[in-house]
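Input: a single structure, listed below in structure tokens.
The values are calculated or read from the model by the stated rules, or taken from the named source; none is laboratory data. Quick caveat: nothing in here was measured; it's all calculated off a predicted structure. Glycine also receives a Cβ, built like all others from the backbone with ideal geometry; neighbour counts cover every protein chain displayed.
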There are 2 protein chains.
Amino acid sequence: MIDELIQILGREQVLTGMENLVPYSFDATSVFRQIPAAVVFPRTSAEVSAVLKVARRHRAPVVTRGSGTGLSGGSVPSPGSIVLCLIRMDKVIEVDTRNFTLRAQAGVLTQAVYDAADAVGLFYPPDPGSMKVSTIGGNVAENAGGLHGLKYGVTRDYVLGMEVVLADGEICLLGNKCVKDAAGYSLRDLFVGSEGTLGIVTEVLLKLLPKPAARQTLLATYPRMDAAAAAVSAIIAAKIVPCTLEFLDSRTIRCVEDYTHVGLPLDAEAILLIEVDGHPAKVAEDAERIRELCTWNGASSVRLAADAKEADRLAAARRTAFKALAVVKPTTILEDATVPRTELARMIRFIQETGARHRLDIATFGHFGDGNLHPTFLTDERNADEMRRVELAKREIFAEALALGGTITGEHGVGLSKKAFLRQQLGDTGYSLLKSIKRALDPENLLNPGKIFDL
Amino acid sequence: MIDELIQILGREQVLTGMENLVPYSFDATSVFRQIPAAVVFPRTSAEVSAVLKVARRHRAPVVTRGSGTGLSGGSVPSPGSIVLCLIRMDKVIEVDTRNFTLRAQAGVLTQAVYDAADAVGLFYPPDPGSMKVSTIGGNVAENAGGLHGLKYGVTRDYVLGMEVVLADGEICLLGNKCVKDAAGYSLRDLFVGSEGTLGIVTEVLLKLLPKPAARQTLLATYPRMDAAAAAVSAIIAAKIVPCTLEFLDSRTIRCVEDYTHVGLPLDAEAILLIEVDGHPAKVAEDAERIRELCTWNGASSVRLAADAKEADRLAAARRTAFKALAVVKPTTILEDATVPRTELARMIRFIQETGARHRLDIATFGHFGDGNLHPTFLTDERNADEMRRVELAKREIFAEALALGGTITGEHGVGLSKKAFLRQQLGDTGYSLLKSIKRALDPENLLNPGKIFDL
């Protein structure tokens, strides 16, 4: 099999040997590890197709990978698998300024998509935490979210079309530049978020928006968590939709401050980072109204960024949360239980109580606007007892999220880490439906087998 | 079978007998007609489930129907079918003002969804032409569009979740109130636009937006079509995204004026109806800039609506286009070929030339902002030769739409009327994928068989 892969791709595009394979044996979840049979670097969809045909002949699983920044184990190799690493398919093919679209190969970095749009006055809103490193193909595979979810939605909302290589190696083009297309089932939407289990997305066609004319950033500090939640409710009740509405709990605040020294208040129970964007008049009005609502609801301070530089500094503090937490303990497990906005305060309290009950160090931050929380376990995987308690706590947190009408994963995908909890969310009928679709599209179960569910 | 249906639903909820069935034998496409075996009116999803089980036992096809306003034959009965008419499932179940969501049964009218949102200061944007009569379930089944597509997208973009009854009668809940949900394949998106071929959507959970604070309407008149297209390009190039950007050609203008007498200019080649909404300052600026751009690009006149009443009158003129055209000739065939915005002028010219070449009366109007055109054949189905020429012209128009990177249907769905053209759009591979999914979810092919494709 390896010889055949080398024949197709050339020797430099095929990695074998333990020392070369180790870096591709895990993703950002860190707890899952598996050495693959080989890692290959195709440069065209024709090469991807040829690799799939070889894999199929040898019944080898194929695991697609971008930069490996995933947070659910979605791109962790299966035993004996070929890892199809798409980072050399890294061309932005077209920025169409008249139809507001962008075509890119799957291996293009999310940041590069954003920059290419920005350069012509357009805007690609989805901004997952890893966007400087993650690939757009990975974002599509996991339906990545980010800080802009409340106002701008998630990756799915910007995928107009794609090129996808199916399990049998056939190449299929889906979608087009039309905002409206009612021709048949939305296969495009089926592949978005399918984590490489139904086909390999090799190229994407994305929708762009005009760049908002203005932006304002606020930082509100709360001595009590409930007050922060009440402020958020008041903002939404005022029918204001911020483009960013982020939240850090006290544990996260202290870690971020240790890491960045931007001057966050160490005695606060909660910080809200709020951004509004749009027309300058609207931005000014909304920012002022938010300042009032934050103050009325018990903020100990509300800071408006004086300029773009200060705004960037405040936003960067939030963006470093994961990194800041990752240096505290040897193992960092970042979850993304998500609930309807109205249930946030209750969910955060539940997470805190659960952490205390199981004697665990949990820092929570996340996207308050869209109910997407990141309870983050600061732990050590070498401590078997603690890891057992982490599993217990996770199970309780997911059950609570579901009881509150939420989801076990807002933006990380199911991968390996949430597999055990998916049936509970979907119910038996929905869960079986997923499997029927998998069987219909990948009857030999060669595409990223064992992710999302076991067949 | 009929007796079993009566036992489940009661005699009043089951129609049989030719005179009762005729009104359910067609939809708004008018050219397709088929008398079903029975029409049933379930009031709960449990009843829908029970009906499906009866149908399955008797191997009777099930065709779901709302108000029958579809424009592709999607709800036209199959021979021997049970028509499952959902109009008695007409409750708005919940308007959640804190999470901006609305839950409704499938038979609720689109207008009632809009009104229920509007009553609490929220906004349900999708506005298909038939919204006063159409049901939300039908909108979801066909992924209906409307005038707001450019800025606000289509029905799919507002569906957060649903209750769906599967072919075997199992009831399945999909989605939740979270904007972010990455748990498994997006089954919800698979059912949106599946035209009742994969399951029966009995309830929907919709996303709402805050109501825009202000709105302004403009009417621009053009002696030449190309000038109108140039104006649209200029508006988009200026990064302005109107919420409505409608177009009427000269034939449509004359028919609408005959029908409504609102004072449309009879010598114009094109009229643009443009609406902007949002913050008052933004609306005022955008309207002024649009006025300038329309004038610079050769408008013979640009009228700004003086008040909401005049705005409504102008918008109503556009909304009556289909009705106004429908009274001209015995048969009206409304198509919805759609192309990328940049190809609109070329597509409209092609439609006009095609009409002339085949000696057909074609009026074209539609959604300029999202490239969604409605070439409308004013014809007479009793004239076999003319109908043959209509078919030839349709084929040429769809081929051209695809050649320009468009779709055979922007918002009406495939149903019966576009079935012959779908493979050309999707290609063999994509087309087979649709069928695999259908076979996986409805192995006995009982749900709306023969729509979208033949198995």
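A few remarks follow.
- Failed criterion for A:Ala317 (all others in (1) without any contact (Cβ under 8 Å) to a residue 40 or more places away in the chain; (2) under 23 Å from A:Val133 (Cα atoms) hold): (1)
- Taking residues in the stretch A:421-450 that are on the phi > 0 side of the Ramachandran plot, and partners anywhere that are buried (at least 16 other Cβ atoms within 10 Å of the Cβ), the pairs with Cβ atoms closer than 6 Å and at least 6 places apart or on different chains are A:Asn448/A:Val63; A:Asn448/A:Gly196; A:Asn448/A:Thr197; A:Gly450/A:Ser78.
- Restricting the stretch B:18-55 to residues that are of a type in the set (Val, Ile, Thr), part of a loop (DSSP other than H, G, I, E, B) and closer than 29 Å to B:Met387 by Cα, the residue that is modelled with the highest pLDDT: B:Ile35
- Odd one out for B:Leu190, checked against (1) hydrophobic (A, V, I, L, M, F, W, C); (2) at the interface with another protein chain (Cβ under 9 Å from one of its Cβ atoms); (3) in a strand (DSSP E or B): (3)
- Just so you know, in the stretch B:147-169 the residues that are in a helix (DSSP H, G or I) and within 12 Å of the chain's Cα centre (by Cα) include one that is surrounded by the fewest Cβ atoms within 10 Å (Cβ to Cβ), and it is B:Arg156.
- Just one of (1) over 29 Å from A:Phe453 (Cβ atoms); (2) surrounded by 21 or more Cβ atoms within 10 Å (Cβ to Cβ); (3) among the hydroxyl-bearing types (Ser, Thr, Tyr) fails for A:Tyr24. It is (1).
- The stretch B:388-421, subset at the interface with chain A (Cβ under 7 Å from one of its Cβ atoms) and in contact with a Leu (Cβ under 6 Å, 6 or more places away or on another chain), residue surrounded by the fewest Cβ atoms within 10 Å (Cβ to Cβ): B:Val414
- Subset of the stretch A:211-252 [over 24 Å from the mean Cα position of the chain (by Cα), in a helix (DSSP H, G or I) and not β-branched (Val, Ile, Thr)]: A:Met225, A:Asp226, A:Ala227, A:Ala228, A:Ala230, A:Ala231, A:Ser233, A:Ala234, A:Ala237
- So A:Leu86, is it of a type in the set (A, V, I, L, M, F, W, C), more than 14 Å from every other protein chain (Cβ to nearest Cβ) and touching a strand residue (DSSP E or B) at 6+ places or on another chain (Cβ under 7 Å): yes
- Some residue of the stretch B:221-234 being polar (S, T, N, Q), more than 12 Å from chain A (Cβ to nearest Cβ) and more than 23 Å from B:Gly137 (Cβ to Cβ): yes
Listed here are the residues, each with its yes/no results for (1) free of Cβ contacts under 8 Å to residues at least 60 places away in the same chain; (2) of a type in the set (A, V, I, L, M, F, W, C); (3) within 24 Å of A:Glu411 (Cβ to Cβ).
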{"residue": "A:Ala55", "(1), (2), (3)": "no, yes, no"}
{"residue": "A:Arg59", "(1), (2), (3)": "no, no, no"}
{"residue": "A:Pro77", "(1), (2), (3)": "yes, no, yes"}
{"residue": "A:Leu84", "(1), (2), (3)": "no, yes, yes"}
{"residue": "A:Ile93", "(1), (2), (3)": "no, yes, no"}
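- Note on the stretch B:106-120: residues that are touching a strand residue (DSSP E or B) at 6+ places or on another chain (Cβ under 7 Å) and more than 15 Å from B:Val133 (Cα to Cα) total 3.
- In the stretch A:372-396, the residues that are charged (D, E, K, R) reach residues that are assigned to a loop (DSSP other than H, G, I, E, B) and surrounded by 23 or more Cβ atoms within 10 Å (Cβ to Cβ) with C-beta atoms within less than 7 angstrom, at least six apart or across chains, in these pairs: A:Lys394/A:Glu335.
- Of all residues in the stretch B:56-78, those being assigned to a loop (DSSP other than H, G, I, E, B) and either surrounded by fewer than 24 Cβ atoms within 10 Å (Cβ to Cβ) or touching a Pro at 6+ places or on another chain (Cβ under 8 Å) (or both) number 9.
- Each residue in the stretch B:171-204 was checked for being small (Gly, Ala, Ser) and more than 19 Å from the chain's Cα centre (by Cα), and 6 of them qualify.
- Looking only at the stretch B:370-405, residues that are under 22 Å from the mean Cα position of the chain (by Cα) and either under 20 Å from B:Gly129 (Cβ atoms) or among the polar types (S, T, N, Q) (or both) come to 13 in all.
- In the stretch B:193-211, the condition of being polar (S, T, N, Q) and surrounded by fewer than 24 Cβ atoms within 10 Å (Cβ to Cβ) is met by no residue.
- Members of the stretch A:107-135 found to be assigned to a strand (DSSP E or B) and within 14 Å of chain B (Cβ to nearest Cβ), listed by number: A:Leu122, A:Phe123
- Only residues that are assigned to a loop (DSSP other than H, G, I, E, B), more than 7 Å from chain A (Cβ to nearest Cβ) and buried (at least 16 other Cβ atoms within 10 Å of the Cβ) were counted in the stretch B:422-455, giving 8.
- Annotation note: of A:Ala144, A:Ala104, the sole residue that is buried (at least 23 other Cβ atoms within 10 Å of the Cβ), touching a residue at least 24 places away in the same chain (Cβ under 8 Å) and not in a loop (DSSP other than H, G, I, E, B) is A:Ala104.
- A single member of A:Ala356, A:Ala308, A:Ala337, A:Ala345 is of a type in the set (A, V, I, L, M), within 14 Å of chain B (Cβ to nearest Cβ) and over 22 Å from the mean Cα position of the chain (by Cα), and it is A:Ala345.
- Residues being out of contact with any Lys or Arg (no Cβ under 7 Å at 6 or more places or on another chain) and assigned to a loop (DSSP other than H, G, I, E, B) - total across the stretch B:253-297: 7
- Number of residues in the stretch A:170-181 that are aliphatic (A, V, I, L, M), surrounded by fewer than 24 Cβ atoms within 10 Å (Cβ to Cβ) and facing chain B (nearest Cβ under 7 Å): the value is 1.
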